[in-house]
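Asks: Supplied in structure tokens, the structure appears directly below.
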Amino acid sequence: PEVEARHFVTRDDPADLAALVELVDGGEVAVDITGTFPLTSIMAVHELGAAGGIRGKVVIVT
């Protein structure tokens, strides 16, 4: 299979983050969440990701 790599740089900007939160809260941007998992399952989540079983974001709760 063909692999494409991209390099990107981010910066922490509270104003940008606040604007993003408003977009998500307003329904203009959707966040695809695969699931919510307890911290104790972190290895299983990692294995799921390595196997290609994660499509969106993963929420880890303590």
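Matching residues to (1) at pLDDT 95 or above; (2) in a helix (DSSP H, G or I); (3) not charged (D, E, K, R):
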site	(1), (2), (3)
21	no, yes, yes
28	yes, no, no
31	no, no, yes
34	no, no, yes
54	no, no, yes
59	no, no, yes
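Asks: Collect the residues in region 3-17 that are outside any helix (DSSP H, G or I), open to solvent by 80 Å² or more (accessible area, probe 1.4 Å) and not hydrophobic (A, V, I, L, M, F, W, C), keeping them in residue-number order.
Replies: 4, 6, 7, 10, 11, 12
Asks: Can you give me the number of residues within region 18-30 that are within 16 Å of the chain's Cα centre (by Cα) and exposed (fewer than 10 other Cβ atoms within 10 Å of the Cβ)?
Replies: Total satisfying the criteria: 1.
Asks: Name the pairs whose Cβ atoms lie under 8 Å apart, with the first residue in region 32-51 and open to solvent by 60 Å² or more (accessible area, probe 1.4 Å), the second of a type in the set (Lys, Arg), and 6 or more positions between them or separate chains?
Replies: 32/55; 32/57; 33/57
The values are calculated or read from the model by the stated rules, or taken from the named source; none is laboratory data. Only a predicted model underlies this, so the values are computations on that prediction, with no experimental measurement involved. Please note: Cβ atoms are built from the backbone with ideal geometry, for glycine as well, and neighbour counts cover all protein chains shown. Side chains included, ligands, DNA and RNA excluded: accessible areas come from the protein's heavy atoms. Shrake-Rupley method; radii C 1.70, N 1.55, O 1.52, S 1.80 Å.
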